[in-house]
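Following: one structure in structure tokens, then a few remarks.
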Amino acid sequence: METPSWFIDELAHAGSEHLDPTYVPTYDDKAGTDPSEDLALLQQLGLHRSHTLVDLGAGTGTFALAAAPLCRRVVAVDVSREMLAVLREKLDRSAIANVESVQGGFLSYDHQGEPADFVYSRHALHHVPDFWKALALVRIAAILKPGGVLYLRDLVYSFNPDEAERAIESWLAGASTRPGIGWTRPELETHLREEYSTFSWLLEPMIERAGFEIRSVQHSGSIYSAYTCVKTG
Ligand SMILES: C[S@@+](CC[C@H](N)C(=O)[O-])C[C@H]1O[C@@H](n2cnc3c(N)ncnc32)[C@H](O)[C@@H]1O
């Protein structure tokens, strides 16, 4: 089907830094991501060697590559060619043969093959506005088998609107002072101004309406949230 002219341009919302070939090679040091806790959690949730896992907004593939030995098939999806180029370089240097990288977005990725057992997404869904988040969640449900698991981590605000100033200032006060390691105050401010993190009490009904049961929610501070969701249908 042809994409309608009113459809979102996911690249235009992807964060210009994620498309910047000078920034992208610095991403892993800046993010300092350790995927081991998430992997352990997914294993507790039943992740198995026979399973297919789709990582949406996979970035440079830190999680996807770490998950590869625990699954049959990993599909690492990202809208940014530049992020995927780093992922592919890592794959080329490794002996991993079961990770596919696909350029696509939450709203454009066309899943091929067996439905997925797990969908993982970390710090990426906030790139699309709420209307599109709701549609993206429906598309995620369609990728999964019945009973399949979505583990969604993102910057999601778990404070009330009247607490916004205090919560945001407290977050900004903890910003990194070193741009090479962590996100600086101006970078966090850009997130607030230009990206689409939403409130937990808005996101949760969207997740449920897409056909998921939220089995657990973990808020870290009032900015970061993690949702374990099971496809009910
Ligand atoms: C902050 S990075 C997170 C990358 C990785 N998940 C991690 O945890 O390190 C956000 C990623 O989302 C990707 N992204 C932005 N908009 C997207 C969209 N609509 N669909 C898929 N990926 C998107 C960006 O290109 C970038 O790689």
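The values are calculated or read from the model by the stated rules, or taken from the named source; none is laboratory data. For clarity, every value in this text was computed on a predicted model and none was experimentally measured. As a convention, Cβ positions derive from the backbone with ideal geometry for all residues, glycine included, and neighbour counts pool all protein chains shown.
Things worth noting here:
- Count - residues of segment 124-146 that are closer than 23 Å to GLU17 by Cα and crowded, with 17+ Cβ neighbours inside 10 Å: 8
- If the condition is being part of a helix (DSSP H, G or I), more than 9 Å from the ligand (Cβ to nearest atom) and in contact (Cβ under 8 Å) with a residue 24 or more places away in the chain, then segment 39-63 contributes LEU39, LEU41, LEU42, GLN43.
- Residue that is without any contact (Cβ under 8 Å) to a residue 12 or more places away in the chain and either touching a Ser or Thr at 6+ places or on another chain (Cβ under 8 Å) or away from the ligand (no atom under 13 Å from the Cβ) (or both), where the choices are GLU2, GLU17: GLU2
- For segment 64-101, the candidate set comprises residues that are in a loop (DSSP other than H, G, I, E, B) and within 11 Å of the ligand (Cβ to nearest atom); within that set, the residue that is surrounded by the fewest Cβ atoms within 10 Å (Cβ to Cβ) is SER80.
- Within segment 102-131, the set of residues being assigned to a loop (DSSP other than H, G, I, E, B) and under 17 Å from the mean Cα position of the chain (by Cα) comprises GLY104, GLY105, PHE106, LEU107, SER108, TYR109, ASP110, HIS111, HIS123, ALA124, VAL128, PRO129.
- Being closer than 26 Å to ALA116 by Cβ and in contact (Cβ under 8 Å) with a residue 40 or more places away in the chain is not true of SER158.
- Residue in segment 155-176 that is within 14 Å of the ligand (Cβ to nearest atom) and aliphatic (A, V, I, L, M) present: yes
- Selected residue (criterion: modelled with the highest pLDDT) from residues of segment 1-38 that are exposed (fewer than 12 other Cβ atoms within 10 Å of the Cβ) and β-branched (Val, Ile, Thr): THR22
- Some residue of segment 182-199 being more than 15 Å from the ligand (Cβ to nearest atom), more than 22 Å from ASP55 (Cβ to Cβ), surrounded by 15 or more Cβ atoms within 10 Å (Cβ to Cβ) and more than 14 Å from the chain's Cα centre (by Cα): yes
- Taken over segment 164-178, the criterion of being of a type outside the set (S, T, N, Q) and surrounded by 13 or more Cβ atoms within 10 Å (Cβ to Cβ) is satisfied by ALA164, ALA167, ILE168, TRP171, LEU172, ALA175.
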